[in-house]
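Below you'll find the structure, written out as structure tokens, and then a few comments.
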């Protein structure tokens, strides 16, 4: 297992290194001149362009630029926004907690709703309850988050006036609609997994054996089936979390909520490349870390993989 | 004798036809295909269904609720939402198809090369794929748009590129499994070239699993394209597109519900239909694989 763990960690380091190369290249891959693209429609003279080029260090050879980028990034220096000269790492560390709060609450909601739906569908397999739960689930998978968000605003904010449609500040009420928007489609994914996994386990021989020796139904479900059925669902949590981080771009933008997702959208619209690079780098690294952690937990939890 | 004949007839059915037959025996797949057919036909028949110009501005008719004349109401500058819905649908569907075509062609090619030839090329392609898979899909598409600049064509390319890693992974996995089969060895012994083995033996056999990804991928790429337009990074005004229409309608959510309900309904129903068909194909594929393994 130690070998596997070392190999897994090395791959992650390699992938993070690759991400840094890719993120660094963003500015060089822009067709034409990146600096002119950044300045966009602003009326500038050649001097300003030259100054910004110098400031971004674009006049040095590319390997030198990359070396400088990497060594700065390792020290937590991701450059400055070209829009308002705020240090990128400062902007990200200010916005990240808001995104994490949203992602966690959405994950919690997704687990609760998805778990209930999935379990219900599996236990009532083949009945109308199963059809209903799976109908809800496939609808949840098909609904665009931004549309769900708008419908929720229409219902809970415009018609009922229960929750605000703009999620500013840190009040819990402001978190409700964004959480529902991000969490409900995810609940659909969880419901499917719980159902499939539960049906799989219920068909196993040890369940038949438990039933045959007269274990009560509730006990069979709680003690024998559920515990085993949850393994694939729990190991999938990491991926879900990562997916929620990606989904936060849309939800934060539509609810005008603070967070790195909205920061990314704004940076891209404004062609603020240092900010784009910073946000993409940080998000991708979080994603890799979550995946690595998930894989390792899975290996430790599942002896069958450990033996290989 | 008759029994034997019947058996032969069954085996003469091509695998593709059998897969189709199994897929469409499923109720949800039937419902999904009818729904999808209606949506596609309605969007394609836009000029026949409405005589209005999707971009014609009518200042006297701003934010009118749905009526017989304007079945989906009008927007903030008096454009007919129904006409914009139909023409916008054409574009949204096209985004999905073009993007998935880009993702599939490049992803499958890289997957075939990587899985079949192995070696350093495989290691390199796999590493790049791992790196690209480290980005959440939408963020990868957004990053590519940051490079190419916003716009609907660029959005198609960005979503397409974001799909390459998934296709590459799945193709490579199938190739690795099929490569070791006896019939591949036999073809090689008979002097079959790599090209012939890849395209006449490996690819057709990997097709069934890829078909599921293609079908579900069309749905995901329509969604991704609409998301980008919703964020203002895809279709630019005044071009009608479902995501962009929602973005514009969002500001009037308090005055005009129809501007947010209809374009979103279009995206939702399209993706629902595709997911229903995709799930049925996925079940049918799993079924044929199980049936084959149990023979």
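The values are calculated or read from the model by the stated rules, or taken from the named source; none is laboratory data. Everything numeric in this text was worked out from a predicted model, so none of it was measured. Because the Cβ atoms are built from the backbone with ideal geometry, glycine has one as well, and the counts that use them run over all protein chains shown.
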- Failed condition for residue A:31, given (1) surrounded by fewer than 19 Cβ atoms within 10 Å (Cβ to Cβ); (2) free of Cβ contacts under 8 Å to residues at least 24 places away in the same chain; (3) not in a loop (DSSP other than H, G, I, E, B), with all others met? (3)
- Taking the stretch B:250-275 on its own, how many of its residues are at the interface with chain A (Cβ under 8 Å from one of its Cβ atoms) and either in contact with a strand residue (DSSP E or B) (Cβ under 7 Å, 6 or more places away or on another chain) or at pLDDT below 90 (or both)? 5
- Would you check if there is a residue in the stretch B:11-19 being under 20 Å from the mean Cα position of the chain (by Cα) and at pLDDT below 90? yes
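Being more than 7 Å from chain A (Cβ to nearest Cβ), over 30 Å from residue B:17 (Cα atoms) and modelled with pLDDT of 90 or more narrows it down to one of B:217, B:225, so name that one.
On the way: B:217 fails: over 30 Å from residue B:17 (Cα atoms).
B:225 is the lone residue from the list that is more than 7 Å from chain A (Cβ to nearest Cβ), over 30 Å from residue B:17 (Cα atoms) and modelled with pLDDT of 90 or more.
Hey, among B:138, B:147, B:197, which residue is part of a helix (DSSP H, G or I), at negative phi, crowded, with 18+ Cβ neighbours inside 10 Å and without any contact (Cβ under 8 Å) to a residue 12 or more places away in the chain?
On the way: B:138 fails: without any contact (Cβ under 8 Å) to a residue 12 or more places away in the chain; B:197 fails: without any contact (Cβ under 8 Å) to a residue 12 or more places away in the chain.
Within the list B:138, B:147, B:197, the selection yields B:147.
Restricting to helices (runs of 4 or more DSSP H) lying wholly in the stretch A:259-308: which have 3 or more residues that are at pLDDT 85 or above and under 14 Å from the mean Cα position of the chain (by Cα)? So that I can check it myself, show each step before the final result.
Details: elements: A:260-269, A:273-301, A:303-307.
Those helices (runs of 4 or more DSSP H) span A:260-269, A:273-301.
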- Task: For the stretch B:167-189, state whether one or more residues are out of contact with any helix residue (DSSP H, G or I) (no Cβ under 7 Å at 6 or more places or on another chain), under 30 Å from residue B:74 (Cβ atoms) and in a helix (DSSP H, G or I).
- Result: no
- Message: Which of the helices (runs of 4 or more DSSP H) found entirely inside the stretch A:110-218 contain at least 1 residues meeting this: modelled with pLDDT of 90 or more?
- Response: A:128-142, A:145-152, A:172-202
- Which of (1) at the interface with chain B (Cβ under 9 Å from one of its Cβ atoms); (2) closer than 30 Å to residue A:53 by Cα; (3) crowded, with 19+ Cβ neighbours inside 10 Å does residue A:259 not meet, given it meets every other one? (1)
- Item | Test: residue in the stretch B:33-46 that is over 22 Å from the mean Cα position of the chain (by Cα) and in a helix (DSSP H, G or I) | no
- within 12 Å of chain B (Cβ to nearest Cβ) and either under 21 Å from residue A:139 (Cα atoms) or assigned to a helix (DSSP H, G or I) (or both): does that describe residue A:243? yes
